[in-house]
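The next block holds one structure in the form of structure tokens; read it before the comments.
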Amino acid sequence: MRWLILTICRLIVLLTMKRRISGMERVPAEGGVLIVSNHLGLIDPLALGIDLPRPFSILAKVEMFSWPIIGPAARKMDAIPVRRGQSDREAVRLVLEHLEAGHAVLMFPEGTYPKGKRGMIKAQPGAALLALKSKATILPVAITGSEHIWNPRELPWNLFRRWPVRVTVGEPYQPTLSPKISQKQALVLATDEMMQRVAALLPTDYQGYYRPALPTGEPAPTELVTLAPDEPGTSLS
């Protein structure tokens, strides 16, 4: 069953996007890893996860587990149900168990994707809380281009188009915070660092809330950064 699900996921990726991937060699081979990414659309988990060199779990809204086909598939793929917009202690417990057991977990700290735009929105503190409690390694990942795929505002014209999508894996790290600060301060700082590391992997027009402030009078660059065809560490699919 898992093999069939992965095959279907790979087919969806092949039919909907032309991916450029860089940095997969930075994914830690072992130990608890919290993978965090910006969020642009429904298909992000496939674009990011289908070629990760190790198994991972993902948080999914609890409603999905009651959907036909998708619900059973989510269970088979070890997805973790979470109740969005409220404190979900069971989801926290399950994620901590996974991380402390040395597994990888994929999260989108923003909690949802921006509607009608592509810039990052302010993240929720949940991912930072889990990282600090588990002491897991954090792996920042950035994605661009997936906001067009299955976008209701662009249907039906984009249904059969393969969109350029770029996935960039950053350097893994562990947050280092002063023991003298409060838990609230620690969450704010850890969340900001996490999302700023993701934003640093993105073109400026995707950075949104986490775009660095520019000196007064300096024009803001808007060009989309692309990799040269022969840049090391890059693969196309």
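The values are calculated or read from the model by the stated rules, or taken from the named source; none is laboratory data. These numbers were taken from a predicted model, which means no experiment stands behind them. Every residue, glycine as well, gets a Cβ built from its backbone with ideal geometry; the counts of neighbours run over all protein chains shown.
For (1) surrounded by 18 or more Cβ atoms within 10 Å (Cβ to Cβ); (2) of a type outside the set (Phe, Trp, Tyr); (3) outside any helix (DSSP H, G or I), each residue gets a yes or a no:
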{"position": "PRO81", "(1), (2), (3)": "yes, yes, yes"}
{"position": "VAL92", "(1), (2), (3)": "no, yes, no"}
{"position": "LEU99", "(1), (2), (3)": "yes, yes, no"}
{"position": "THR112", "(1), (2), (3)": "no, yes, yes"}
{"position": "GLY119", "(1), (2), (3)": "no, yes, yes"}
{"position": "ALA123", "(1), (2), (3)": "yes, yes, yes"}
{"position": "LEU139", "(1), (2), (3)": "yes, yes, yes"}
{"position": "ALA142", "(1), (2), (3)": "yes, yes, yes"}
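Looking at region 172-204, which of its residues are small (Gly, Ala, Ser) and closer than 27 Å to GLU30 by Cβ? Before you say what the answer is, go through the steps one by one.
Applying the first criterion (small (Gly, Ala, Ser)) to region 172-204 yields 178, 182, 186, 190, 199-200.
Of everything in region 172-204, those that are small (Gly, Ala, Ser) and closer than 27 Å to GLU30 by Cβ turn out to be ALA186, ALA190, ALA200.
Quick grid of which residues meet (1) crowded, with 20+ Cβ neighbours inside 10 Å; (2) modelled with pLDDT of 90 or more; (3) in contact with a Pro (Cβ under 6 Å, 6 or more places away or on another chain); (4) within 22 Å of LEU96 (Cα to Cα):
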{"site": "LEU11", "(1), (2), (3), (4)": "no, yes, no, no"}
{"site": "ARG20", "(1), (2), (3), (4)": "yes, yes, no, no"}
{"site": "VAL33", "(1), (2), (3), (4)": "yes, yes, no, yes"}
{"site": "ASP44", "(1), (2), (3), (4)": "yes, yes, no, no"}
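Select, from ALA60, ALA74, the only residue that is among the hydrophobic types (A, V, I, L, M, F, W, C), in a strand (DSSP E or B), surrounded by 13 or more Cβ atoms within 10 Å (Cβ to Cβ) and at negative phi.
Values: ALA74 fails: in a strand (DSSP E or B).
Step by step, each of ALA60, ALA74 is checked, and only ALA60 is among the hydrophobic types (A, V, I, L, M, F, W, C), in a strand (DSSP E or B), surrounded by 13 or more Cβ atoms within 10 Å (Cβ to Cβ) and at negative phi.
Exactly one condition in (1) touching a Leu at 6+ places or on another chain (Cβ under 8 Å); (2) touching a residue at least 24 places away in the same chain (Cβ under 8 Å) is not met by ARG54; state its number.
The number of the failed condition is (1).
So is THR168 part of a strand (DSSP E or B), modelled with pLDDT of 95 or more and of a type outside the set (Asp, Glu) or not?
On the way: part of a strand (DSSP E or B): yes; modelled with pLDDT of 95 or more: yes; of a type outside the set (Asp, Glu): yes.
Against the criterion (part of a strand (DSSP E or B), modelled with pLDDT of 95 or more and of a type outside the set (Asp, Glu)), THR168 qualifies.
If you check every pair at least six apart or on different chains, which have Cβ atoms under 8 Å apart with a residue in region 67-82 that is farther than 19 Å from PHE108 by Cβ and without any contact (Cβ under 8 Å) to a residue 24 or more places away in the chain first and a residue that is surrounded by 13 or more Cβ atoms within 10 Å (Cβ to Cβ) and acidic (Asp, Glu) second?
none
Only one of (1) crowded, with 21+ Cβ neighbours inside 10 Å; (2) touching a Gly at 6+ places or on another chain (Cβ under 9 Å) is not met by LEU130, so which one is it?
(2)
Among the residues that make up region 60-80, is at least one of them in contact with a Gly (Cβ under 9 Å, 6 or more places away or on another chain) and under 24 Å from LEU139 (Cα atoms)?
There is no residue in region 60-80 that is in contact with a Gly (Cβ under 9 Å, 6 or more places away or on another chain) and under 24 Å from LEU139 (Cα atoms).
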